[in-house]
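Contents: one structure, followed by commentary.
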Amino acid sequence: MDLTFGGSTDWAVDLGEFYESPARSAAKTIDEGWDNFKHALKLYGDPYIQGNRTGSWTEITCTIPEVENILMFTPSESWKALDCDHAWDDAITIWKEIDRKTEKINFIDSISNTFHTLQNMGCHTLFSPGNCDAGFQCHDSQGKGSGSAGYEVMNSIVHIHQAIVQYYNSLEAARTQITFDFPSFANNFAPIPDDLPKFNVLIDLLGLGGSIISAPFFNNSNLRPERLDDIRDITYAVVGRVAVNLIKDTYKDEKYVAIPDWNPAAKDSFLSYVGQVMLAWRNSTEQVVARLFSGEDEPIEDLWNLISDGKLIAGSSDGHGSGDFYSTIDLQMSTELAFYGFIIPQIWAVSGTRGFVVDTGYDCGTVNPLTDYILDSTGEDTYVCDESTNKMYYLVAATGDAQTCECSAPCQGGAPPCVEHKFRAPPGLAHIHGKSYGGITKEDLVIG
């Protein structure tokens, strides 16, 4: 004070106030936030880079052979060369410890920000004006705190989203076709019986959606056989399980699965039920996408199981490169085939047709070994050969009574003579020739 320079004074910045660090951080105190800010500036030359980097992925450039000559390496080799495991771990750590806590940025945008790729991608929805349908090149993920691994991780995420969108579109096409074909299908395979038998329809069409939803992920001709089972298991666990649970929670009312009589009204009700199920399959895909890219711990693990080891990136011809999972028309046909493969035995059952498979115990090519039970003409129509085992089967139905006992003239005492009836072809079998109803064949129904 006065000229003795005692006390204190404030200059351009109020020394009595403390300012938040301008960078997002997981800091619990202001000092810690500024420490993180200075640490990022010193380590990466950019104070706005969040989190630590492990491994060597930020040092790997686009000039390595696994990037410039990607088809010379298997996807697994490229994935390891780019150190994608550490890249994923670092991005997830930043999401969990920093971005998720702010509640101001979604999961995919956080991952994309770490890799310096696109923002507002919209992967958590099926159809949005985002960028989750665009692939990335190596140079897209370059910059301080990032590296070449980023573009392959992001491409894997985009690939999953594209496959689900493709499934959605194909399922809508299949639903339209099945709805159009179903009236004639019901007439061919489930004619109205005279006695209108009672029945309860308790089918698991909803559950069937799980395997159909999984199809675009693992029915990939480029997958190595030794990896295919793993992909199937992972995909059903990740996608099919989620979709089935979502569907069943929505469509569990008994009115969707119980019809009192098989009559014209029942056919209409059954068609309505089928339509509801297929709409549920389709609509569940939006919820699957929302969950898969939600950033919650379990979906994050699910995503990792799908993309780890380069399962969904390009690579050499002896690898399991991404390619197209399915063409749209092939996926539509696959959906129709799965539907009819399930529904034909079910609709035979509910309409009173007692269809079943006879294991003859004979090798393929044996001329009707069961003449006591099957007419030669029926045997020709219902014959199926499993070429993998060289065993023959018949796809037949027990129609009407097993025997008829009556006298052609007034009986002269004693029991009337009886005629044993033989098995017949189930209704609609003549239409199973691989050219309609999803291309289904007798072999599909018997062998699978």
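The requirement of being crowded, with 18+ Cβ neighbours inside 10 Å and either modelled with pLDDT under 90 or within 28 Å of the chain's Cα centre (by Cα) (or both) is satisfied by T117. Pairs meeting the criteria (first residue in region 165-187 and in the same structural domain as I347 (by TED's automatic domain parsing), second residue of a type outside the set (G, A, S) and outside any helix (DSSP H, G or I), beta carbons under 8 Å, at least 6 apart or on different chains) are V165/L126; V165/F127; V165/D133; Q166/F325; Q166/Y326; Y168/L126; S170/Y326. Comparison of K267, K252 shows that the only residue that is more than 19 Å from the chain's Cα centre (by Cα), at pLDDT below 75, assigned to a helix (DSSP H, G or I) and of a type in the set (D, E, K, R) is K267.
For (1) outside the structural domain of I329 (by TED's automatic domain parsing); (2) within 21 Å of the chain's Cα centre (by Cα); (3) more than 18 Å from I307 (Cα to Cα), each residue gets a yes or a no:
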{"residue": "T58", "(1), (2), (3)": "no, no, yes"}
{"residue": "C62", "(1), (2), (3)": "no, no, yes"}
{"residue": "I111", "(1), (2), (3)": "no, no, no"}
{"residue": "S141", "(1), (2), (3)": "no, no, no"}
{"residue": "S156", "(1), (2), (3)": "no, yes, no"}
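The set of residues in region 50-66 that are without any contact (Cβ under 8 Å) to a residue 40 or more places away in the chain and either surrounded by 15 or more Cβ atoms within 10 Å (Cβ to Cβ) or out of contact with any His (no Cβ under 9 Å at 6 or more places or on another chain) (or both) comprises G55, T63, P65, E66.
Going by what's in this entry, would Y394 be described as under 30 Å from F182 (Cα atoms), part of a strand (DSSP E or B) and without any contact (Cβ under 8 Å) to a residue 60 or more places away in the chain? Here the answer is yes, as Y394 does meet what is asked. Evaluating V384 against the criteria (1) without any contact (Cβ under 8 Å) to a residue 24 or more places away in the chain; (2) in a strand (DSSP E or B); (3) of a type in the set (V, I, T) leaves one unmet condition, (1). Got a sec? Which of S351, S408 is loosely packed, with under 11 Cβ neighbours inside 10 Å and either over 24 Å from D181 (Cβ atoms) or touching a residue at least 12 places away in the same chain (Cβ under 8 Å) (or both)? Testing whether each residue is loosely packed, with under 11 Cβ neighbours inside 10 Å and either over 24 Å from D181 (Cβ atoms) or touching a residue at least 12 places away in the same chain (Cβ under 8 Å) (or both) leaves just S408.
The values are calculated or read from the model by the stated rules, or taken from the named source; none is laboratory data. Since this is a predicted model, take the numbers as computed values, not measurements. Positions of Cβ are backbone-derived with ideal geometry, glycine not excepted, and every protein chain shown enters the neighbour counts.
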